[in-house]
């Protein structure tokens, strides 16, 4: 069929357009589904002071070692004294000897735990001991570091004084085990020196350096501060058994120590607070002893 050039056929109608979609689905980035890129919240990076190479299994192993060490340390000290001619009968009759044995056993346990952790950092994790376990330099911003150190020392003194006043409100009805153990001057002096020179180093390393990062990254910083501080206070319950108010106050002190560790992100800060807290009653005790000697 032919058509006249003057009367062409009408053009065919255009194909209907597809409806424009009302919403556009997010396009997945290469290598990840769209939902994970657009709908899932981004996780915050873990702070450096909580990124430690050990976990709960290591914490449990340390607890077992500490428990066994506490049972054996007193026996080891008694055996050593036996080699120097101190008989068990003499030990049972001498409060001074029993007190010295108890404090010496605690020293042996503390040194052993510190040596174990140092060996674990070096041999298993191939990492420097002090920095890996939380003893990082204290960052103070524009404030001089010495000023912050002095402030922490005075805070420790103030905290010790407040706890002493609070303890006097509800004194224990019976002598506490630690008071019975430290009846003699030699045992009390050894205990005081240990409380200032060794105990803060070991306890801060174990609780604020080793335990706190694992707890905080598992349950959060706030809960980690409370749990770690509570465990620290309960650790001393044996020495204060029967003085429930004193144990409760020590739990509060442990929480404050851990809070300082969490805010500063270094064990150095909580150590200074801890050492100065222990030092105030020691200084008061030494001054009292000097005064008594001067009077007599």
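Per the Kirkwood formula applied to alpha carbons, the stretch 51-133 shows a radius of gyration over Rh ratio, Rg over Rh, of 1.14. The calculated P(r) of the stretch 146-295, using every Cα pair and 10 Å bins from 0, goes 11, 38, 36, 13, 2, 0 in percent.
When you count the other C-beta atoms within 10 angstrom of each residue and take the mean per peptide, 208-218, 268-278, 98-108, 244-254 line up highest first as 268-278, 208-218, 98-108, 244-254.
The orientation-averaged projection of the convex hull spanning the C-alpha atoms of the stretch 75-232 amounts to 13.6 square nanometres.
The packing ranking of peptides 140-147, 170-177, highest mean first, is 170-177, 140-147, where packing means the average number of other beta carbon atoms within 10 angstrom of each residue.
Here, each number is a calculation from the coordinates, and none is a lab measurement. Because the structure is predicted, anything quoted here is derived from the model rather than measured. Cβ coordinates were reconstructed from backbone atoms using ideal geometry, including for glycine residues, and neighbour counts include every protein chain displayed.
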